[in-house]
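Notes follow once the structure below has been shown.
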Amino acid sequence: MPATLKARCLLAACAAGMMPAVAAVAAVPAAPARAAECVVPSKPGGAMDLTCKLAQKALNEKSAASSMRLTYMPGGIGAVAWHTMVSQRAADGDTLVAFSGGSLLNLAQGKFGNASAGDVRWVAALGADYGMIAVRADSQYKTLADLLAALKRDPKKVLIGVSGTIGSQDWLKMAILARSAGVDPRALRFVALEGGGEAFTALDANYVQVVPGDASEATLYAGAGKVRVLAVLSAQRLPGVLSNVPTAREQGVDMVWPIIRGVWMGPKASDADYQRWVRAFDQMEASPEFAQMRAAYGFYPFSMTGAPLTAYVKQAVEDYRRTARDFKLVR
């Protein structure tokens, strides 16, 4: 399978068909009287955190009747939040859980046990993100070529901090890059961490030398001058803080890694509650105000809800499973 992961790049095609901005965020239907909740299935500081904060900001600020609080439920690279909701809070109609392409990759590899994409109700995609490769601002690696050359010389000398374990999307990003340079991914040294926030903390402390994380996370640190982003894994350069960072393609590595960002809810939530949230996100995401908020959080246009999102997620899980088989991560 080519490094561009073309099967998964239907995300870009979906984004192109994004609903037109015909409704104002202020038109979001009234939320329930009690505060809604967005569960972050990782520690604070990563892109999962940003996903819930974007939903919270858009809903809280643009609807006087709406209120949303954040809860952090890290553990098992998302497995703890998944199983808690499915087994204990399956019928909760006012709790959403953040997910990403990494969550779908974990499902594809069986990292949530026997769970499948059909076990929960997929509510909304809030935006897209892209992979990136970061080092400390004072790192000896100035370009992606510098890093790949170091890995070819001696992969054991470079500690790579990843969110998750072997087979996580951070692991796969680095494995694909290494393989493009003729380096066996099994020779790389990875440090498993819980979420992007923890990975960047480890990078700042020089506990690891490389983080193959996400562009949205990098915007939090690159602007402050703490990190150097060597490459973004998008088809074109990204706007904003990372606008001067070259793509991997520009540097001779044909790799694009898009990441969906969104929320789901428990499998036994009523149809009325599910459709209420789908309508709320449909209207919210169609507005220019939401587009501005999304950009401020480092995400890029990708809007999809309800049944179309459910179909997209199920297909993405199958695509990730094929990629995992290519690296012999699943049978």
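Whenever a residue of the range 270-283 is open to solvent by 50 Å² or more (accessible area, probe 1.4 Å), its partners that are of a type in the set (Val, Ile, Thr), lying with C-beta atoms within less than 7 angstrom and at least six residues away or across chains, give the pairs GLN283/VAL28. If you go through the range 89-99 one residue at a time, do you hit one that is within 18 Å of the chain's Cα centre (by Cα) and either surrounded by fewer than 24 Cβ atoms within 10 Å (Cβ to Cβ) or modelled with pLDDT under 95 (or both)? For the range 89-99, residues within 18 Å of the chain's Cα centre (by Cα) and either surrounded by fewer than 24 Cβ atoms within 10 Å (Cβ to Cβ) or modelled with pLDDT under 95 (or both): absent.
All of (1) in contact (Cβ under 8 Å) with a residue 24 or more places away in the chain; (2) surrounded by fewer than 24 Cβ atoms within 10 Å (Cβ to Cβ); (3) of a type in the set (A, V, I, L, M, F, W, C); (4) outside any strand (DSSP E or B) hold for LEU147 with one exception: (2).
Scanning the range 159-182 for residues that are outside any helix (DSSP H, G or I) and buried (at least 19 other Cβ atoms within 10 Å of the Cβ) yields ILE160, GLY161, VAL162, SER163, GLY164, GLY167, SER168. On the basis of being open to solvent by less than 10 Å² (accessible area, probe 1.4 Å), within 29 Å of GLY182 (Cβ to Cβ) and among the aliphatic types (A, V, I, L, M), does ALA125 make the cut? Judged against the criteria, ALA125 is not a match.
From the list VAL135, VAL97, the one residue that fits, being of a type in the set (Val, Ile, Thr), under 25 Å from MET293 (Cβ atoms) and in contact (Cβ under 8 Å) with a residue 24 or more places away in the chain, is VAL97. In the range 72-87, the residue that is modelled with the highest pLDDT out of those that are of a type in the set (Gly, Ala, Ser) and over 11 Å from PRO267 (Cα atoms) is ALA81. Residues in the range 183-199 that are assigned to a helix (DSSP H, G or I) and within 24 Å of THR247 (Cβ to Cβ): 3 in all.
On the given criteria, is PHE200 open to solvent by 40 Å² or more (accessible area, probe 1.4 Å) and either hydrophobic (A, V, I, L, M, F, W, C) or in contact (Cβ under 8 Å) with a residue 60 or more places away in the chain (or both)? Considered against the rule, which asks whether it is open to solvent by 40 Å² or more (accessible area, probe 1.4 Å) and either hydrophobic (A, V, I, L, M, F, W, C) or in contact (Cβ under 8 Å) with a residue 60 or more places away in the chain (or both), PHE200 comes out as no.
For the range 247-268, does any single residue satisfy the condition of being within 17 Å of the chain's Cα centre (by Cα), more than 30 Å from ALA90 (Cα to Cα) and among the β-branched types (Val, Ile, Thr)? Among the residues of the range 247-268, at least one is within 17 Å of the chain's Cα centre (by Cα), more than 30 Å from ALA90 (Cα to Cα) and among the β-branched types (Val, Ile, Thr), which makes the answer yes. Residue pairs whose Cβ atoms lie under 6 Å apart, separated by 6 or more positions or on different chains, with the first residue in the range 302-331 and closer than 18 Å to PRO258 by Cβ and in a loop (DSSP other than H, G, I, E, B) and the second basic (Lys, Arg) and open to solvent by 30 Å² or more (accessible area, probe 1.4 Å), do not occur. SER139 fulfils the conditions (1) surrounded by 22 or more Cβ atoms within 10 Å (Cβ to Cβ); (2) more than 25 Å from SER270 (Cα to Cα); (3) at pLDDT 95 or above except for a single criterion, (1). Being modelled with pLDDT under 95 and of a type in the set (Lys, Arg) is not true of LYS268.
For the range 100-129, enumerate the residues that are touching a strand residue (DSSP E or B) at 6+ places or on another chain (Cβ under 6 Å) and either closer than 18 Å to VAL317 by Cα or of a type in the set (Gly, Ala, Ser) (or both). Answer for the range 100-129, where residues must be touching a strand residue (DSSP E or B) at 6+ places or on another chain (Cβ under 6 Å) and either closer than 18 Å to VAL317 by Cα or of a type in the set (Gly, Ala, Ser) (or both): SER100, GLY101, VAL120, ARG121, TRP122, VAL123, ALA124, ALA125, GLY127, ALA128, ASP129. Being open to solvent by 10 Å² or more (accessible area, probe 1.4 Å) and among the β-branched types (Val, Ile, Thr) holds for only one residue in VAL232, VAL330, and it is VAL330. Just one residue in the set VAL313, VAL227 is surrounded by 18 or more Cβ atoms within 10 Å (Cβ to Cβ) and under 30 Å from TYR141 (Cα atoms); that residue is VAL227.
The values are calculated or read from the model by the stated rules, or taken from the named source; none is laboratory data. All of these numbers come straight from a predicted model, not from anything done at the bench. Virtual Cβ from ideal backbone geometry, glycine too; neighbours counted across all protein chains shown. Note: accessible area is taken over every heavy atom of the protein model, side chains too, but ligands, DNA and RNA are not part of it. Shrake-Rupley method; radii C 1.70, N 1.55, O 1.52, S 1.80 Å.
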